[in-house]
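The values are calculated or read from the model by the stated rules, or taken from the named source; none is laboratory data. This is a predicted model, so every value here is computed, not measured. Ideal geometry is used to build each Cβ from the backbone, glycine not excepted, and the neighbour counts take in all protein chains shown. All accessible areas refer to the heavy atoms of the entire protein, side chains included, with ligands and DNA or RNA removed. Shrake-Rupley method; radii C 1.70, N 1.55, O 1.52, S 1.80 Å.
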Amino acid sequence: MQENYNKLPYYQYFIDNSCDINNKGTARFKIEYIDVEYKINGISYHADYEIHYEKDRNVIQINFEGTTDKIDWVTNFIFLPKYYDTFIYNGKKITLRVHKGWGDMYKAVKYQIREKVKELIELHPNANVEIVGFSLGSGQAMLCAQDLNYNLNIKSYLYTFGSVNIYKTNIFNRRKTINYLRECCHRVYNFSDRSDIVTYTVPRIFGFVKLRRVNLKGRFKFFGLFRPLKYHLGYDDDYKYSKIYKREKKI
């Protein structure tokens, strides 16, 4: 990590991003998400993001909202792979394919996000960039990290919670693709509770992956997969990150 980077406790990113979904009363502020409507085949969908600058930490933070309504759930299940981009990385061709629903959602807001980030970078050229997302928003955050690196040469700190599998790969390009996506960031934390069913979607057996799954403390519980209110919304417990903090202290 950069020496001048003032990172928050991991659970705090979730509390702020989810607008304190469990009413802990410890959100630093209330995020006001920008709602962008877009249409696919005549059906209206919504993408929600927020960007701000934090003077005390010298950080530009980008937030993506999680699933909030029925139409978001429709987006979650449009998971046919969609062509995203092709380019040369380290002398090798990489073709990115993504979950179609989430890919279309990020496409609806990516130009707005780039312009806002460019404005803030011009005002604060030495600021670090954080990208935060929960659930559906975790997929948006991963796409954003790659987009800002590819188009603006920005390496971000990526924090996602209840992290989904958004990139479609195969056994021949999986490692190359993941390595490239990780190099788009300073650090990647796709936080995942072992009993959170959302973190296994879209199933890896179909070739979908996240950048770097980071498991929280706790054993896998099969029946926990059917208790999303507990395991998908439980990322605001600092105790669950204790092993991660210990590993980082040793580095």
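Here D236 clears all of (1) open to solvent by 10 Å² or more (accessible area, probe 1.4 Å); (2) acidic (D, E); (3) out of contact with any Ser or Thr (no Cβ under 8 Å at 6 or more places or on another chain) except the condition numbered (3).
Is it the case that some residue within the range 217-227 is open to solvent by 30 Å² or more (accessible area, probe 1.4 Å), closer than 29 Å to K110 by Cα and touching a residue at least 12 places away in the same chain (Cβ under 8 Å)? Taking every residue of the range 217-227 in turn, none turns out to be open to solvent by 30 Å² or more (accessible area, probe 1.4 Å), closer than 29 Å to K110 by Cα and touching a residue at least 12 places away in the same chain (Cβ under 8 Å). Checking each residue in the range 70-89 for being in contact with a Leu (Cβ under 9 Å, 6 or more places away or on another chain) and modelled with pLDDT of 85 or more picks out Y84, D85, T86, F87.
Residues are listed down the side, and each one gets a yes or a no for (1) closer than 15 Å to I60 by Cα; (2) charged (D, E, K, R):
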site	(1), (2)
Y5	yes, no
L8	yes, no
Y11	no, no
I15	no, no
D20	no, yes
K24	no, yes
Y33	no, no
V36	no, no
N41	no, no
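The set of residues in the range 171-187 that are farther than 21 Å from N128 by Cβ and not aromatic (F, W, Y) comprises I171, N173, R174, R175, K176, T177, I178, N179.
From the list K24, K92, K55, K30, the one residue that fits, being at pLDDT 95 or above, open to solvent by 20 Å² or more (accessible area, probe 1.4 Å), more than 22 Å from G162 (Cβ to Cβ) and not hydrophobic (A, V, I, L, M, F, W, C), is K55. With respect to K100, is the statement that it is at pLDDT below 95 and open to solvent by 20 Å² or more (accessible area, probe 1.4 Å) true? Answer is yes for this residue.
So, in the range 153-171, of the ones that are among the aliphatic types (A, V, I, L, M) and in contact with a Phe, Trp or Tyr (Cβ under 9 Å, 6 or more places away or on another chain), which residue ends up modelled with the highest pLDDT? It comes out as L158. Residues that are of a type in the set (G, A, S) and in a helix (DSSP H, G or I) were ranked within the range 206-251; the one that is nearest to V132 (Cα to Cα) is S242.
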